[in-house]
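Contents: one structure, followed by commentary.
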Amino acid sequence: MSNFFITATGTEIGKTHVTADIVRHLRAAGSMARAIKPVASGYDPTRPQASDAGVLLAAMGEPASDPAIARICPWRFAAPLSPHMAAAREGRRINFDQLLHFCRDNFGQASAPLFIEGVGGAMVPLDNNYTVRDWIAELSLPAIVVAGAYLGAISHTLCTIEALRARGVTILAVVVNERGLSPVPASETIATIERHCGDARIHVAEYGATNWWSFAGR
């Protein structure tokens, strides 16, 4: 069964909502699709339902209990910072080998598509040596890149695609997540990204369209 990694061009772009939406729609179609969020910063234990892990659990029809949160999101940090900085403020660190092991263990448990949601953008450091890009590459997973439609989003998206390709990561899709006012219609942003993506087979979709998640069922 296929596994996917959902990353983004930066933080607060909409990775969690895209991941949850894919899972909900696949489950509505009869799949038992699952999602995990192994690393999270800015976690507030008094509001677990509002956390990224809580949103993913809701998409899977599960309550955001402490054991459930811990099961899909074992590395949780309070500070809303890059994960290596957030971990350092708590005297902790993310062990990269343990992170890979955790993800691979979840591969073995999945009888349906598994979606791994990253943290921040694709080049965010996990520690002094590894970034989210390294995480994706080591797992050999295809990436779904969540991008914005704000001024500057085209450059951020193309840079993210180039960075991932440089490590041999396959880009399965780019999801343009329209939120708030955009300087141009999303269709223009999408067309520009498509023109500059070279010959890679990339599905670029506007978040909110009725069938944008269909690529995930392939």
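We did not get these values from a lab; they are worked out from the coordinates using the rules stated. For clarity, every value in this text was computed on a predicted model and none was experimentally measured. Using ideal geometry, Cβ is built from the backbone for each residue, glycine included, and neighbour counts are taken over all protein chains shown.
Note: relative contact order over region 3-217, using C-alpha pairs below 8 Å and six or more positions apart, is 25 percent.
The radius of gyration of the Cα set in the chain, together with its Dmax, comes out at 16.4, 47 angstrom. Sort region 82-159 into rounded, prolate or oblate with this rule: let a ≥ b ≥ c be the square roots of the eigenvalues of the Cα gyration tensor; rounded if a/c is under 1.5, and if a/c is not under 1.5, prolate when a/b is larger than b/c, oblate otherwise. Oblate, because a/c is 1.5 or more while a/b does not exceed b/c.
Projecting the Cα atoms of T131, A87, A68 onto the charge dipole of the chain (Cβ charges, centred on the Cα centre) puts A68 farthest toward the positive pole. Apply the a/c threshold of 1.5 to the C-alpha gyration tensor of region 1-119 and tell me whether it is rounded, prolate or oblate. It comes out prolate by the Cα gyration axes.
For the chain, the residue among A191, G30, F4 whose Cα projects farthest onto the positive side of the dipole built from Cβ charges is G30.
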